[in-house]
Amino acid sequence: MKMMMKLLGAAFFILHSSFFISCNDFLTIYPTDKIVGEDFWKTKADVDQMVDGVYKSMIDYSIEERAIMWGAYRSDELVKRSDLSYQTLDNIDAVNLQPTMSFCSWSAFYHVINNCNIVLHHAPDVMAEDPEFTEGDYQTVRAQMLSLRALCYFYLVRAFRDVPYMSEAIEDDSQIEAVAQSAPAVVLQHCLDDLTEALPYLMKSGAYGYGDWRNWGYITRDAANTLMADIYLWRAAMTHSQSDYQQVIDLTERVITAKDEYYRSNNSASVTGLANDRYHLLKQYMYFYVFTQGNTSESILEWQYNGRNNSNTCVRNYYYNNDDKERKDNILNASSIFSSADVNADGEQGQKVYLSTNDYRLWNNVYEAGEAEAEELYIRKMVSTGINPTLEKTSKTYTRSFTEFQQNWVVYRLTDVMLMQAEALVEMAADDNDVTTLQRAFDLVKAVNDRSMKENSADVLNITNYNTKEKMELLVLNERERELCFEGKRWFDLMRYNYRHTTASDINALMADQTTWPETYAGMMKLVIRKYGTGGLGAAVYKMKSEPYLYWPLQESETKVNGLLKQNPVWVQEKSTSKN
């Protein structure tokens, strides 16, 4: 039978048998007539199929769509294609976030969370049924489910702040209960506790065998350490906790060291520069193999798409083309800040992202780069299957297959980790005179920046231009934009930037239970509104003036069926959302 659950309470819903897939390749759909119930959970193969099914539910269109909308579109890096009629995106731009919007739905993430909980509930019983499913196998499965669940909750906290926390499986309607929200401090600590428990039992990166997709497609020890660092970085920004920043440094150092050791163990001592290189980043334009071939040496976690059973239709629709007949019909474009390189002395206060035309990322991340007055540009990153080694403008083509869009979604990679550490180091610096700590942060940023610069280019970062904590903080923030644009990171980066310059509301209490909230940092707003041109957008500035506006409202359907949920206090439902 198929197990069905109504969309009730915290949106813990249907676990369709169509999500269950082969343990040999989780990109292959599992037969839909497989009975999942009392005749299931008998063998190791059953557990493996369910684990693969959970990973399959993580590559759902709605998940990646929210990674883009929650993590990128609200920021300064993306704009709606100018000739596209799309009222929902217009409302988001005007900060009219309506509770009826589909993007306010958290159902897809709770679907994955419940799938994890079901595996955690049933997997222990299989050890008594099948001797081949050992305690070690169970602990590995448990570790992956705890980690995936933590990743989902982390997305939800960053999008909504206050969310229901569930660790019990729901398998039929009788188990559905209304669940109240928990404050961020509670949910984030659950995530950290689960990841700490999971770490010893997760596979090391590369342990599945050379070239095996599971080294990037499954949660590994490197992925869990990276996720923990990301959570600590978020919490540290909210609480200004030096101990949390130190955790970020320690955890990212583990990942960097592990990646270095693995690279050295699989490459001979004769490899050029091996002795003096800790990071082993792909150089210059070769870096874009990360987004054309996928699963490269510097990747840590990628959602896997093979273009046959599972096309990445979300990236295709939003960044490439959502109508095979019309062409030029992608939904989102890069904003004008990507149009050309800035020539300001410090490079961080101007309107443009890139500091030099010798940066291969300028030419490979967008089409038509170099058009200084362009209001929007087509996205090239994750769209083009080739690389541009020429540092010259290229025009968008439509030669890539529409029906078989094979493009992994990168969740974490090494340069992300390096810049997390740099961000934490800047916050750990005692003051502008703590040159040792600031130099460590600068060295990490420079390593990321240098690798994408034309060989022998004179355009290199100079620490004398970043001789204060404030300038170094902006350097890190902007290098993350140069490196990680369109990957669902920028809005969350700006949120952390905002929190570091304000006193966040009490993270141990729900936002709805507090009467005042900190104002949004003006420096953040200056960055957010620059995608609207030199005039900015006055309504957006006003409507994003305090902390609750930075989060999404809860979807109206959720609040109607679960009376325990408390709506984001600044949103009310009218013809458009207005201040309460």
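Where a number appears in this text, it was derived from the coordinates with a stated rule and is not lab data. These figures come from a predicted structure and were not determined experimentally. All Cβ positions, glycine included, derive from the backbone under ideal geometry; neighbour counts span all protein chains shown.
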How large is Rg over Rh for the chain, taking Rg from the Cα atoms and Rh as the Kirkwood inverse mean of 1/r across Cα pairs? 0.94
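Considering only DSSP states other than H, G, I, E and B, which trypsin sites (Lys or Arg not before Pro) in the range 165-270 qualify as loop sites with at most 15 other Cβ atoms within 10 Å? Please report the intermediate quantities before stating the final value.
Working: sites: Lys204, Arg214, Arg221, Arg235, Arg254, Lys259, Arg264; in loops: Lys204.
Answer by residue number: Lys204.
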Computed over the range 384-510, Kirkwood Rh from alpha-carbon pairs, angstrom: 17.1
Normalised by the empirical 2.2 N^0.38 Å for globular proteins, what value does the Cα Rg of the range 232-384 take? 1.30
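Efficiency by 1/(1 + (r/R0)^6): what FRET value for Asn322 and Thr292, r their Cβ-Cβ distance, R0 = 22 Å, to the nearest 0.05? Can you show the working numbers first?
Values: r = 21 Å, r/R0 = 0.95.
With a Förster radius of 22 Å, E is 0.60.
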Positive dipole terminus of the chain, leading residue within Gly273, Val79, Tyr262 (C-beta point charges): Val79
Given backbone amide H placed at 1.01 Å from N, residues whose amide H is under 5 Å from that of Val163, ignoring those fewer than 5 places away on the same chain, are Ser182
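Let me have the relative contact order for the chain, percent, based on Cα pairs under 8 Å that are six or more residues apart. Before the final figure, lay out each step's value.
Details: 1018 pairs, mean separation 109.9, N = 580.
Relative contact order for the chain comes out at 19 percent.
Taking the mean number of other Cβ atoms within 10 Å as a proxy for protection, how do you rank 367-377, 438-448 from highest to lowest?
On the way: 367-377: 17.3, 438-448: 21.3.
Ranked from most to least packed, the peptides come out as 438-448, 367-377.
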Given a Förster distance of 30 Å, the FRET efficiency implied by the Cβ-Cβ spacing of Gln189 and Tyr61, rounded to the nearest 0.05, works out to 0.45
Assigned charges on the beta-carbon of Lys, Arg, Asp, Glu; the range 195-241 dipole about Cα centre (debye): 20
Simple spin-label model, 7 Å along Cα-to-Cβ: Ser167 to Asp459 in nm? 5.1
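If R₀ is 60 angstrom, what is the calculated FRET efficiency for the pair Asn508 and Thr385, using the beta carbon separation as r and rounding to 0.05?
Details: r = 48 Å, r/R0 = 0.80.
For Asn508 and Thr385, the calculated efficiency is 0.80.
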With label points built 7 Å along Cα→Cβ from the Cα atoms of Leu84 and Ser243, find their separation and express it in nm. 4.6
Can you give the relative contact order of the range 40-133 as a percent, counting alpha carbon pairs under 8 Å and 6+ residues apart? 57
Which of the helices in the chain, when you take each full DSSP H run, stretch at least 18 Å along the axis at their Cα atoms and have an average Kyte-Doolittle score of -1.0 or higher? 44-58, 107-129, 135-160, 184-198, 221-239, 414-428, 435-451
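Please give the per residue volume of the convex hull enclosing the alpha carbon atoms of the range 37-135, rounded to a whole number of Å³.
Working: hull volume 13.4 nm³, N = 99.
In the range 37-135, the Cα hull volume divided by residue count equals 136 Å³.
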Expected unfolding gain across Ala372-Glu392 under the 0.36 nm per residue rule, minus the alpha-carbon gap, is 5.8 nm
How far is it, in nm, from the label point at Asp329 to the one at Asn91 when both lie 7 Å from their Cα along the line to the Cβ? 2.4
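If you stretched the chain out fully between Thr196 and His501, how much longer would it get, using 0.36 nm times the residue separation minus the C-alpha to C-alpha distance? Show your work: numbers first, answer last.
Working: separation 305, 0.36 × 305 = 109.80 nm, distance 2.95 nm.
Taking 0.36 nm per residue and subtracting the Cα distance, the gain is 106.9 nm.
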The correct pair for the range 225-306, radius of gyration to one decimal and Dmax as a whole number, both in Å and from Cα atoms, is 15.6, 47
